[in-house]
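J.: Pasting in a structure now, in structure tokens, and then I'll have a few things to ask.
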Amino acid sequence: MSKSQARRLKQWDREYIWHPFTQMKDWAKTEPLIIDSADGIYLKDIDGNIYMDGVSSLWVNVHGHRQPDIDAALVKQIAKLSHSTLLGLSNTPAIELAKRLLDIAPKGLKKVFYSDNGSTAVEIAIKMAYQYWQNIGNLKKTCLVHLSNSYHGDTLGSVSVGGIDLFHKVYRKLIFKTIALKGHGWEALEALEELLKARGNNIAALVVEPLVQGAAGMLVWPEGAFKKMRDLTLKYNVFLIADEVATGFGRTGKMFACQHEGVTPDFLCLAKGMTGGYLPLAATLTTQKIYDGFLFDYKEQKTFFHGHTYTGNPLSCAAALANLEVFQRKHTLAKLGPKIKFLAKKLKMFYNLPFVAEVRQKGFMAGIELRGRLETLVGAEVCQRVRQYGVILRPLGNVIVLMPPLSISIEELDFLLMATYRAIEDVGA
């Protein structure tokens with residue numbers, strides 16, 4: 001790309017695009033980094049610079065960019081059908097993917113409802129859980145419970161069960177009331193048990209991110225806490241909604257985080273890595289019991305009145321099928337073991353830096369929490385600095401997130417960790 005073309009794109013970006021989660025006043029003062037192409041775990045900008053994709057393009061890329069099998073699957077599907085509504089019709093890839101997802105999901109999940117992003121997947125689960133109790137005549141079960149530092153997306157229903165004020169406080173008057181469990185881990189579990197004892201008859205569902213709370217700063221649950229939550233929800237007849245938008249598709253070392261503790265939730269919400277980072281697609285998996293709670297004569301008006309134009313899009317479903325085939329053919333999960341162990345070992349070196357408060361890891365998800373002077377920088381300066389070492393990262397407040405594609409090699413993982421270490425060291429100095 002010529003220098004004049006690059007300059008024009010940067011000018012147009014500032015003039016026309018409003019970026020998400022970005023203070024545009026600050027953005028306008030900086031030189032925008034514009035990605036033009038990619039290959040494997042690397043991104044190339046319009047100036048020809050190459051960077052390692054250290055956060056999987058916001059946690060979605062699984063097997064690398066331009067993965068040949070997924071590319072081929074999309075080309076093949078384009079030659080047949082790019083889109084057809086799922087409202088009143090069906091399509092081949094959507095059916096095949098639903099079967100495949102249920103084959104690999106926790107046992108007991110029987111139905112798949114498609115949407116297009118993580119927030120809508122959670123919102124669908126919330127609406128289904130609420131309407132189920134109304135449909136069967138249990139009108140008291142209307143309340144939703146979530147963790148105090150949770151994040152489940154940015155549509156208003158998902159914001160209602162979100163607990164991160166930085167993202168959501170401005171919308172508080174727009175959303176419905178919920179109950180937030182104080183604390184984290186065992187403290188939250190104790191609060192849940194007390195709440196269910198007192199108000200279990202009024203609670204429709206508990207919404208949680210299993211094992212790792214991503215947007216809260218990679219907070220890792222203590223072992224066994226999630227299983228105990230499942231036991232409590234079963235005891236008090238409350239639905240469990242597991243938001244695996246971030247943790248699904250291998251990120252914790254298993255296909256789904258629920259599988260670490262043998263938990264089958266009532267709803268499993270999936271998105272991000274489902275298509276390998278190619279196209280938007282989400283799914284809400286649920287049980288036969290909940291599905292049956294919507295089977296009435298049409299005149300009773302108890303249908304689940306919810307849907308999206310691109311629900312079950314054939315191209316997205318074809319990409320997702322190819323993504324799962326690559327998982328199987330390349331033994332992706334089995335090969336993750338040594339990488340996870342290497343990551344755990346190398347992360348210990350970050351405690352040598354006085355600016356690091358804590359390092360948290362579960363599988364291939366890691367967060368490095370900064371402290372002291374670096375807290376005021378909210379991690380942004382470190383992520384800006386690491387670009388000079390050829391890496392793209394994005395912080396969560398004062399937590400530096402490491403979540404590379406699962407296809408990264410141990411040598412590349414070592415490079416990522418050393419670049420991050422040097423960037424924190426540079427900014428701290």
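J.: Any chance you could count how many residues in region 24-57 are under 21 Å from the mean Cα position of the chain (by Cα) and either polar (S, T, N, Q) or assigned by TED's automatic domain parsing to the domain that holds G276 (or both)?
T.: Summing the residues that are under 21 Å from the mean Cα position of the chain (by Cα) and either polar (S, T, N, Q) or assigned by TED's automatic domain parsing to the domain that holds G276 (or both) in region 24-57 gives 2.
J.: Also, quick follow-up: Quick one: in region 248-306, which of the residues that are over 25 Å from the mean Cα position of the chain (by Cα) and of a type in the set (D, E) is farthest from K335 (Cα to Cα)?
T.: E300
J.: Here's a follow-up. Of everything in region 327-346, what is farther than 17 Å from K254 by Cβ and touching a helix residue (DSSP H, G or I) at 6+ places or on another chain (Cβ under 7 Å)? Give them in sequence order.
T.: F342, K346
J.: Hey, does region 349-366 have a residue that's at positive phi and modelled with pLDDT of 95 or more?
T.: yes
J.: If you don't mind, there's one more thing I want to ask. So for region 350-371 (the condition being in contact with a helix residue (DSSP H, G or I) (Cβ under 8 Å, 6 or more places away or on another chain), surrounded by fewer than 17 Cβ atoms within 10 Å (Cβ to Cβ) and assigned to a helix (DSSP H, G or I)), does at least one residue qualify?
T.: No, region 350-371 has no match at all.
J.: OK, next. Hey, could you check region 163-189 for residues that are among the small types (G, A, S) and modelled with pLDDT under 90 and say which is nearest to A216 (Cα to Cα)?
T.: Once the filter is applied, the top-ranked residue is G163.
J.: Scan region 79-124 residue by residue and report those that are exposed (fewer than 14 other Cβ atoms within 10 Å of the Cβ) and among the basic types (K, R).
T.: If the condition is that a residue be exposed (fewer than 14 other Cβ atoms within 10 Å of the Cβ) and among the basic types (K, R), then K80, K99, K107 are the ones that fit.
J.: Given the structure, is D292 over 20 Å from D243 (Cβ atoms) and charged (D, E, K, R)?
T.: For D292, the condition - over 20 Å from D243 (Cβ atoms) and charged (D, E, K, R) - is met.
J.: Filter region 125-163 down to residues that are over 23 Å from the mean Cα position of the chain (by Cα) and either farther than 19 Å from G293 by Cβ or aliphatic (A, V, I, L, M) (or both) and give me whichever is surrounded by the fewest Cβ atoms within 10 Å (Cβ to Cβ).
T.: Per the criteria, the residue is L139.
J.: Any residue in region 287-295 that is surrounded by 17 or more Cβ atoms within 10 Å (Cβ to Cβ), in contact (Cβ under 8 Å) with a residue 60 or more places away in the chain, not basic (K, R) and not in a loop (DSSP other than H, G, I, E, B)?
T.: Yes, there is a match, as at least one residue in region 287-295 is surrounded by 17 or more Cβ atoms within 10 Å (Cβ to Cβ), in contact (Cβ under 8 Å) with a residue 60 or more places away in the chain, not basic (K, R) and not in a loop (DSSP other than H, G, I, E, B).
So that you can scan it fast, the table gives a plain yes or no per residue for (1) surrounded by 13 or more Cβ atoms within 10 Å (Cβ to Cβ); (2) farther than 24 Å from M128 by Cα; (3) not assigned by TED's automatic domain parsing to the domain that holds V55:
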position	(1), (2), (3)
R172	no, no, yes
F176	yes, no, yes
G183	yes, yes, yes
E187	yes, yes, yes
E223	no, yes, yes
F226	yes, no, yes
M229	yes, no, yes
L232	yes, no, yes
A246	yes, no, yes
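J.: In addition: Take region 308-340 and flag every residue that is buried (at least 16 other Cβ atoms within 10 Å of the Cβ) and not in a helix (DSSP H, G or I).
T.: Answer for region 308-340, where residues must be buried (at least 16 other Cβ atoms within 10 Å of the Cβ) and not in a helix (DSSP H, G or I): H308, Y310, T311, G312, N313.
The values are calculated or read from the model by the stated rules, or taken from the named source; none is laboratory data. Since this is a predicted model, take the numbers as computed values, not measurements. Positions of Cβ are generated from backbone atoms using ideal geometry, with glycine treated the same way; all protein chains shown enter the neighbour counts.
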